[in-house]
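Just below is one structure, and these are the notes that go with it.
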Amino acid sequence: MKVLLATPLYSQHYDSGHFWLKALNDLGHSVIVWDYRLQPAPLKREPWDLTLVLKGENLDPRLLPTPKVCYWPDDLGRTPGIESILRYYDKVFTPVRPTPDNMEWLPTGWDPDIHVDRQIERGIPSLYIGTNNSPYKKDMVDGIWPSVVAGNGWESEAVVVKIGLSRRDLPSHYLHDFVYLANVAEILIDVHQSPHVGLNRKLFEMIACGFTLVDRVPGVEELLGFGLTNQVSFRTADEAKELIQYYLTRPGERGEVWRQERERIVRYTYLEAAKRILVEVSRW
């Protein structure tokens, strides 16, 4: 297939388009990247067998070459009016739960060549990686108080002291830097934008790199299953702190649970997601 991949690959260095591009190339397709934040219009090389848009919040789908598919990764409520715009695509895939009737649930978020266990010493007891961009997330992370917090919006506090406990704040880490940092933590913590949205890509990246605890948002139980979800998910900061203390003192059990987590994410790679989209398009 000749695929036009619309994604801010060059203007946003942490863009997931890196992984989608790799997946499409690994499948043997010809891909042209259109960074819609740098270039006002798509490159004119038609006919395209597929226009695949990653988010594309400022695009008018009616002006795009067909067939056109969108992967929308975020809470729909963050972009007012976006649902009416997304209806102009031939198909929309999303990790959002509950999923609107005109969209298809497709969680994804890791590449087994990149997100790996490097088998290096894990010297950080607990780690959160992510942006401070919502009151829910800030309250949850500050309540959990991991040993290290890395991401935009936290580093201004530098070293923070709370009830006699220090916390080290680091700048943001993306792509390979993310993988390295995740590999030096005993316990990784994923907190979503809000308690009401679906799975973020970071959950898959973290599980691939290390044992992960996650807030119990819609989609977690579908991914991990009922029993495993009860072992690694939390609804409050206090529940998360209890889980951290429990697993820090039980490395053997932590390793076994992590093995089960990794088994659950095997079929949610970018490669498998790209396959599913391409199969869908080939039926039209």
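The values are calculated or read from the model by the stated rules, or taken from the named source; none is laboratory data. All of these numbers come straight from a predicted model, not from anything done at the bench. Note that each Cβ is placed from the backbone with ideal geometry, even for glycine, and that neighbours are counted across all protein chains shown.
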For this session: Scan the stretch 1-55 for residues that are under 17 Å from Val281 (Cβ atoms), assigned to a loop (DSSP other than H, G, I, E, B) and among the small types (Gly, Ala, Ser) and jot them down.
Result: Gly28
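So which residues in the stretch 88-108 are in a loop (DSSP other than H, G, I, E, B) and under 16 Å from Leu59 (Cβ atoms)? Full working, then the answer.
Narrowing the stretch 88-108 to residues in a loop (DSSP other than H, G, I, E, B): 88-90, 95-102, 106-108.
Across the stretch 88-108, the qualifying residues are Tyr88, Tyr89, Asp90.
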Seminar exercise, completed: Within the stretch 200-252, the residues that are among the charged types (D, E, K, R) and either over 18 Å from the mean Cα position of the chain (by Cα) or farther than 21 Å from Asn183 by Cβ (or both) are Asp215, Arg216, Glu221, Glu222, Arg235, Asp238, Glu239, Lys241, Glu242, Arg250
For this session: List the number of the failed condition for Asp117; all other conditions in (1) over 30 Å from Arg264 (Cα atoms); (2) among the charged types (D, E, K, R); (3) in a loop (DSSP other than H, G, I, E, B) hold.
Result: (1)
Exercise. Among the residues of the stretch 65-87, is there at least one that is of a type outside the set (Lys, Arg), out of contact with any Ser or Thr (no Cβ under 9 Å at 6 or more places or on another chain) and part of a strand (DSSP E or B)?
Worked result: no
Exercise. If you take the residues of the stretch 87-105 that are farther than 25 Å from Glu222 by Cα and in contact (Cβ under 8 Å) with a residue 24 or more places away in the chain, which of them is surrounded by the most Cβ atoms within 10 Å (Cβ to Cβ)?
Worked result: Tyr89
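Across the stretch 204-229, what is the total count of residues that are surrounded by 21 or more Cβ atoms within 10 Å (Cβ to Cβ) and within 14 Å of Val266 (Cα to Cα)?
Residues that pass the stated criteria total 7.
Applying the selection to the stretch 8-35, what residues are without any contact (Cβ under 8 Å) to a residue 60 or more places away in the chain and either of a type in the set (Lys, Arg) or over 24 Å from Arg276 (Cα atoms) (or both)?
Within the stretch 8-35, the first condition is being without any contact (Cβ under 8 Å) to a residue 60 or more places away in the chain, and the residues that meet it are 8-12, 15, 17, 21, 25, 28, 30-35.
The answer is Tyr10, Ser11, Gln12.
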Problem set entry | Within the stretch 204-223, tally of residues that are part of a loop (DSSP other than H, G, I, E, B) and more than 19 Å from Lys137 (Cβ to Cβ) | 2
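Taking Val197 as the residue in question, decide whether it is on the phi < 0 side of the Ramachandran plot, crowded, with 19+ Cβ neighbours inside 10 Å and either outside any loop (DSSP other than H, G, I, E, B) or over 14 Å from the mean Cα position of the chain (by Cα) (or both). So that I can check it myself, show each step before the final result.
Working: on the phi < 0 side of the Ramachandran plot: yes; crowded, with 19+ Cβ neighbours inside 10 Å: yes; either outside any loop (DSSP other than H, G, I, E, B) or over 14 Å from the mean Cα position of the chain (by Cα) (or both): no.
Judged against the criteria, Val197 is not a match.
Here's the yes/no breakdown for (1) within 20 Å of Phe204 (Cα to Cα); (2) at pLDDT below 95:
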| residue | (1), (2) |
| --- | --- |
| Glu83 | no, yes |
| Leu86 | no, no |
| Lys91 | no, no |
| Glu104 | yes, no |
| Glu157 | no, yes |
| Val160 | no, yes |
